[in-house]
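The values are calculated or read from the model by the stated rules, or taken from the named source; none is laboratory data. Please read these numbers as outputs of a predicted model, since none were measured by experiment. Positions of Cβ are generated from backbone atoms using ideal geometry, with glycine treated the same way; all protein chains shown enter the neighbour counts.
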Amino acid sequence: MKAPPIPANESARLRRLEELEILDTPIERSFDNITQIAAAVLGTPIALVSLVDETRQWFKSHHGLRARETSREVSFCGHVVAAGDLMVVCDAHLDARFADNPLVTEDPQVRFYAGAPLRTNDGLVLGTLCAIDHLPRKPTPQQLETLQLLAEQATTMLESRRVFRRVLERDATMLALYEGMQEGVVLQLPTGAIVEANARARELLGVSEDELRGRTLLDPRWMALKEDGSPFPGEEQPATVCLRTGEPQTNVVMGLHKPSGELNWLSVNARPRREEGLEAPTGVVVTFSDITEQRASAQRQKRHERLITVGTLAAGVGHEINNPLSFVMGNLDFALNELRVIGGGSPSARLQDLIDCLSEAKDGTERIRRIVRGLRSLVREEAEPRPNNASEIVAVAVNMSMHEIRSRATVETVIDRDLFVLADEPSLTQVFVNLLTNAAQAFTLPQPERNRIKVTAGVDGDKVRITVVDNGSGIPADVLPRIFDPFFTTKPVGVGTGLGLSISHSVVASLGGELTCETQVGVGTTFSVVLALASMPKDEFTLRAPTTEVPQGKVLIVDDEEGVVRATARLLRGAHEVLGVSDPREAVRRIDAGERFDVIFCDLMMPHLTGADVYARIHAVSPAQAERMVFVSGGVLKAELDRFLEQVPNERLVKPVDATKLKELARSFLSKK
């Protein structure tokens, strides 16, 4: 065996290898691509990018060979480094230099070797690109020419590291500063290999310096997402595109799963580094910042704006529905009462059928009322927490969720209608819509006869605990700690945003409450909302049967919808003297003229004068008369009317008005006559 000689420029050659900082770095796909092509072109099982230092040959890429290095003394590549030219050994058994070489007589049993030098622009041979076979062979001139071209490409990739190192040395001041930046900063070679990363980058990526160095974006360990939640391949990411095109990439949104599983959303910028006289980029500088919270906030705002848009339209439609719905419900109530009086204690079968028919129609209008109320809650801005009827909020939420629940499960609510919580009604409604929808989606099979959702509420000290219980599949232990994380979802892409439970948790927390989850796989899940117990507000009127005959009173109804005026008058007429006007100016004129009423039911949104305007005019003439006004609203109010209602103590009703509640409220004013 003949050991390879030492070249005359050995000292300079070794210095160059040291400058490159290439030895013992991780595998890079760009070098692996070259060895795979070399092996395919020459038809060999082994191809290597071999770098020869003082005592060994070390393989930057080792296609088909498990070893990462061998002794320089027995290396074939050492001979190429010494000669500085292509070397081909067709059969090592017949070559005196290698016949007894351990690499020939033992593993990997080299018989054929072809090595092209990795020669720098200034003539230093750093190693080889070589192809190896266990059988003798004679390559064609075209194969050898391709091998040399591939070696030149590998050398260019090595030389780019040197240029990049000069850039780093020149920008030493910048490197000193970027370590303390709040942005992540990563420096990559033209091959895509990461050579530098500051502390913030390592924190955001969730990897150590050793784990990061040498990795490229093509590494399968990266789990990146596009803004729409689909996979973000390495070849499409900003740094790769920047290196390929030479064009900077700005503010590209990318989601990245850390090894821990945590998902960060990043805003990524990539700018090419250039050297004078070189056309291709000498590297790329990538900066990125954490926009996880900003993205969550933007998603919430976008969702809120969408709800406002839809809700505004829905509320407008709802307001138009509420007026005719008011007189439909009022007339149904009147007709039912009249039929019951006519029928006495034992109505005929025909009359009973008519009563039943009208009762069913009334049930239908009640469903419409709840739907409209649910639509109206979408558009209301978040307000200060105030006493709200838990039963009504849950009823609205159930109604809004029925499209999701109906085909999957049966829902049951057990809540005292006089149980009040301190909350913001539209926000809390959305919480229960989210919880009910999640419960429905917890069932793998749509089986309403088996699947159950139950909503219950009870007083717990000075708190109210409302639970949403399902007998679904339960939540696995490894998923449970993350269910309230923004954007976390186990549903397929496009089915859920991963924001429902996160938003619900935030809403309940903002109300000073607590949202918790208990679950058992295969048994079911219980979500509990705990909020402050509240007293019944003044505008929640408890219905009571009068104990004595109430004296007749005088009632004024003010509403621009004549159908509402007639229906309301019809309900109150008989027990009271009722006057109805559809022009609010007529009501003010009568008060100015000295006419007085025991109670005035006044719509808030009318042409010519709003309910607030009417109140102001009447109050200027008779404060006592203004105190007897009851304000009626048919939908979402203008901001100034909302503020007005907060400033006055008067009773208020929401259209369509419940007939019994209307009558009881009228009686209450007569008792104060």
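Scoring L332 on the criteria (1) part of a helix (DSSP H, G or I); (2) over 37 Å from the mean Cα position of the chain (by Cα); (3) modelled with pLDDT under 70 leaves a single failure, condition (3).
Could you list all residues from segment 71-87 that are over 22 Å from E145 (Cα atoms), under 58 Å from the mean Cα position of the chain (by Cα) and either among the acidic types (D, E) or buried (at least 20 other Cβ atoms within 10 Å of the Cβ) (or both)? Correct list: S75 only.
Picking from R72, R66, R56, R29, which residue would you name as being within 24 Å of R137 (Cα to Cα) and among the basic types (K, R)? Please lay out each step first, then the result.
Numbers: R72 fails: within 24 Å of R137 (Cα to Cα); R56 fails: within 24 Å of R137 (Cα to Cα); R29 fails: within 24 Å of R137 (Cα to Cα).
The unique qualifying residue is R66.
Scanning segment 24-37 finds no residues that are basic (K, R) and in contact with a strand residue (DSSP E or B) (Cβ under 7 Å, 6 or more places away or on another chain). Scanning segment 184-200 for residues that are small (G, A, S) and surrounded by fewer than 20 Cβ atoms within 10 Å (Cβ to Cβ) yields one hit, A199.
Looking only at segment 8-22, filter to residues that are assigned to a loop (DSSP other than H, G, I, E, B) and at pLDDT below 90; which one of those is nearest to S50 (Cα to Cα)? Within segment 8-22, the match that is nearest to S50 (Cα to Cα) is I22.
What about K673, is it modelled with pLDDT under 95, of a type in the set (K, R) and within 25 Å of A575 (Cα to Cα)? In short, yes. Only residues that are over 12 Å from A457 (Cβ atoms) and part of a strand (DSSP E or B) were counted in segment 390-429, giving 5.
For segment 513-535, give me each residue that is modelled with pLDDT under 90 and out of contact with any strand residue (DSSP E or B) (no Cβ under 6 Å at 6 or more places or on another chain). Across segment 513-535, the qualifying residues are G522, S535.
The set of residues in segment 27-38 that are among the hydrophobic types (A, V, I, L, M, F, W, C) and assigned to a helix (DSSP H, G or I) comprises F31, I34, I37, A38. One residue stands out among those in segment 39-70 that are hydroxyl-bearing (S, T, Y) and part of a loop (DSSP other than H, G, I, E, B): the one that is farthest from C130 (Cα to Cα), which is T55.
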